[in-house]
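J.: Sharing a structure, written as structure tokens. Questions coming.
The values are calculated or read from the model by the stated rules, or taken from the named source; none is laboratory data. Quantities reported herein were computed from a predicted structural model and do not represent experimental measurements. Positions of Cβ are backbone-derived with ideal geometry, glycine not excepted, and every protein chain shown enters the neighbour counts. Just so you know, the surface numbers come from the protein's heavy atoms only, side chains and all, with ligands and any DNA or RNA stripped out. Shrake-Rupley method; radii C 1.70, N 1.55, O 1.52, S 1.80 Å.
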Amino acid sequence: MSTAVLGLQWGDEGKGKITHLLAREADMVVRFNGGPNAGHTLIDRGVKFGTHLIPAGAFYPGVTSVLAAGMVVDIELLSKEIRAVADHIGETPRVLLAENAHLILPYHRTLEELEGSGARFGTTRRGIAPAYRDKVAHVGVRAGDLLDPETLRSRIAWRLDLLKREWPASEEMQAYSAGALAELLLAAGKELREGICDVSPVVDEALRKGKRVLFEGAQGTLLDVDFGTYPFVTSSTTTFGGIGPSLGIPLPSIDRRVGVAKAYLTRVGEGPFPTELENPVGAGLRERGGEYGTTTGRPRRCGWLDLVALRYAATLNGITEIALTKLDVLNELDEIRVCTEYRIGGRSAERYPLSGERLARCEPVYEAVRGWREALGNPTSVESLPKAAANYVRLIEKKLEIRVGIVSYGPRPEETIGTTL
Ligand code: GDP
Ligand code: IMO
Ligand code: MG
């Protein structure tokens, strides 16, 4: 039986915690999109980790972690993460990296700076868009090239030649040498070599044998390159539909599709945000929720839960179950609002807008509910939450017509309702 964990908002929903919890019962954990723009926080045996590339399965001996072709990988960072996890768990985790996954090179980050997309879109400045762009423009470098130094050097030389001609005035760009970059990658990827392979048959076989495969999504549905708030999006498919092409196998039947959503909403980076709270209530959510980027340290913008967006995201992914996180962050509020409708030009917007510009013109219509103004204690079921908190969970279920199967009320694994520990 396989499971997918997907973000339903603008990322940082708490996917790291939820995937780490569910990975405990998996045989294989597959990350299928994005790169080190992701920052997934999890607490393993009391130690807090902020992971960017390594799947959460790596924390459990015996679980195979797979980085699929749809990812873009910074090989130095991945090697570092593997070493850190190995030190923590006392053995080297089994990590497989798709030979056809593309690599992020230092010049991708330079390119992102030169083009100014960091400032314009509030990207994570990890070279994500340039790396994905090189991939579709036939000038990328792939993990498999690490196994063939000659090909690696010539691919880098080819790309670098174009870049140097495009950016004659950039000292940083002009200073790169193909040979030195190849050496850097080969050295960084040395310990990983054995794990670089065609991962498709491995995942296919695991699925066929009925192994428990967990797909770990990065980013969130509203950052999807096609269905997010374009152009304020990331460069990969962040939805359920991204799993098939990333693996190169027919989209497997994944019965359990867990959509992770915060009990409120955050966004890091630029782009429209109809329910944003640029006031003390928003600042309070940021402080209580520790809403500072795992990857960049940037303060996250905070606002009320947006059920219009959530319904859209749940539908796009065919979500079967919601994991509602950070309920505890709402503890001190007298009143909580949820957005139930958008108005645009005085009329109700029928569908979630596909463009960032149109979303910017949407006005949220709110429903207010009573807060609970108390600590949540150690609840083991939704019924054992304070009544107003349970009502809040039930309201979300009712509006979305999807079961809330998991409720998270703190960063630690044990602060969770609905998963078997
Ligand atoms: P991800 O990118 O979706 O994995 O989320 P991040 O790790 O970037 O951000 C989620 C943050 O919230 C992390 O600091 C988590 O430790 C924390 N967190 C997760 N679940 C809860 C929760 O239920 N309550 C609180 N207070 N913090 C949580
Ligand atoms: P996780 O997996 C939150 C955002 C960036 C920016 C936009 C494009 O931790 O949820 P990029 O560097 O991808 O080209 O930036 O996407 N973004 C994220 N926001 N969480 C993430 O990942 C994100 N990954 C990218 O802030 O607005
Ligand atoms: Mg994150």
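J.: Can you give me the angle between helix 307-317 and the longest principal axis of the chain, using Cα atoms only, in degrees from 0 to 90, rounded to the nearest 10?
T.: 50
J.: Relative to the first principal axis of the alpha-carbon coordinates of the chain, what is the inclination of helix 75-89, with its axis defined by its Cα atoms, in degrees from 0 to 90 and to the nearest 10?
T.: 60
J.: A further question on this structure: Quick check: pseudo-label points 7 Å beyond the Cα along Cα→Cβ at ARG298 and ARG370, how many nm apart are they?
T.: 4.0
J.: At SER154 and VAL47, where each label point lies 7 Å from the Cα along Cα→Cβ, what is the point-to-point distance in nanometres?
T.: The answer from the label model is 4.3 nm.
J.: Round to the nearest 10 and give me the degree value, 0 to 90, for the angle of helix 149-166's Cα axis relative to the longest principal axis of the chain.
T.: Computed tilt is about 70 degrees.
J.: Under 15 Å from the Cβ of ASP87, count the other residues' Cβ atoms, weight Lys and Arg +1, Asp and Glu -1, and hand me the total.
T.: Values: positive: ARG45, LYS48, LYS80, ARG83; negative: ASP44, GLU81, GLU91, GLU191.
Net local charge, ASP87 excluded: 0.
J.: May I ask for the distance between the Cα centers of the range 297-373 and the range 153-192, given as a whole number of Å?
T.: 44
J.: Okay, next question. Mind pulling up the Rg/Rh value for the range 240-339? Radius of gyration and Kirkwood radius, both on Cα.
T.: Numbers: Rg = 15.8 Å, Rh = 15.2 Å.
Radius of gyration over Kirkwood radius for the range 240-339 works out to 1.04.
J.: Would you give the gap between the C-alpha center of the range 20-54 and the C-alpha center of the range 62-98, rounded to a whole Å?
T.: That distance is 10 Å.
J.: Mind scanning LYS211/LYS326; LYS190/LYS326; LYS15/LYS211; LYS48/LYS209; LYS209/LYS262; LYS48/LYS398 and naming the pairs with a C-alpha gap bigger than 29 Å?
T.: LYS211/LYS326; LYS190/LYS326; LYS48/LYS209; LYS209/LYS262; LYS48/LYS398
J.: How compact is the chain by the rule of thumb for globular proteins, expressed as Cα Rg over 2.2 N^0.38 Å? Write down the numbers at each step before the final one.
T.: On the way: Rg = 21.5 Å, N = 421, 2.2 N^0.38 = 21.9 Å.
Rounded to two decimals, the normalised Rg is 0.98.
J.: Which residues does a label at ALA169 reach in the range 117-146, if reach means a backbone N under 20 Å from a point 7 Å past the Cα toward the Cβ?
T.: Answer for the range 117-146: 117-120.
J.: Quick one: if you take sqrt(5λ) for each eigenvalue of the C-alpha gyration tensor of the range 261-417, what semi-axes come out, biggest first, whole angstrom?
T.: On the way: eigenvalues 122, 69, 47 Å².
Semi-axes from the Cα gyration tensor: 25, 19, 15 Å.
J.: Place a point 7 Å from Cα of GLU113 in the direction of its Cβ. Which residues in the range 171-201 have their backbone N less than 17 Å from it?
T.: 171-177, 181
J.: If you stretched the chain out fully between GLU363 and THR380, how much longer would it get, using 0.36 nm times the residue separation minus the C-alpha to C-alpha distance? Can you show the working numbers first?
T.: Values: separation 17, 0.36 × 17 = 6.12 nm, distance 3.73 nm.
Computed gain between GLU363 and THR380 is 2.4 nm.
J.: Students often check this: by mean Cβ neighbours within 10 Å, which of 393-403, 7-17 ranks highest, and how do the rest follow? Before the final figure, lay out the partial values.
T.: Values: 393-403: 15.3, 7-17: 27.4.
Per-residue mean Cβ counts within 10 Å order the peptides as 7-17, 393-403.
J.: Determine the relative contact order of the range 261-417: mean sequence separation of Cα pairs under 8 Å and six or more apart, normalised by residue count, in whole percent.
T.: On the way: 266 pairs, mean separation 39.6, N = 157.
Normalised by residue count, the contact order of the range 261-417 is 25 percent.
J.: Determine the share of the chain's accessible area contributed by carbon and sulfur atoms, expressed in whole percent, with a 1.4 angstrom probe. Working shown, then result.
T.: Values: 8560 of 17380 Å².
Exposed carbon and sulfur together represent 49 percent of the surface.
J.: Can I ask one more? Run the helix sum for the chain: -39,500 (n - 2.57) per DSSP H stretch of 4+ residues, divided by residue count, reported at 222 nm to the nearest 500 deg cm²/dmol. Could you put the intermediate results ahead of the total?
T.: Details: 14 runs with 136 residues, N = 421.
Dividing the helical sum by the residues of the chain leaves -9500 deg cm²/dmol.
J.: With every protein chain left in place, what is the accessible area per residue of the chain in square angstrom, probe 1.4 Å?
T.: On the way: 17380 Å² over 421 residues.
Per-residue accessible area for the chain comes out at 41 Å².
J.: Stretch ILE344-GLU205 to full length: gain in nm at 0.36 nm per residue minus the Cα-Cα span?
T.: Numbers: separation 139, 0.36 × 139 = 50.04 nm, distance 4.91 nm.
Roughly 45.1 nm would be gained on extension.
J.: Could you point to the residue in PRO130, SER200, ILE254 farthest towards the positive end of the chain's charge dipole, with +1 and -1 charges on the Cβ of Lys/Arg and Asp/Glu respectively?
T.: Checking the options against the dipole of the chain, the answer is ILE254.
J.: Along the Cα→Cβ direction, 7 angstrom out, place labels at ARG412 and LEU147. What is the inter-label distance in nm?
T.: It is 4.4 nm.
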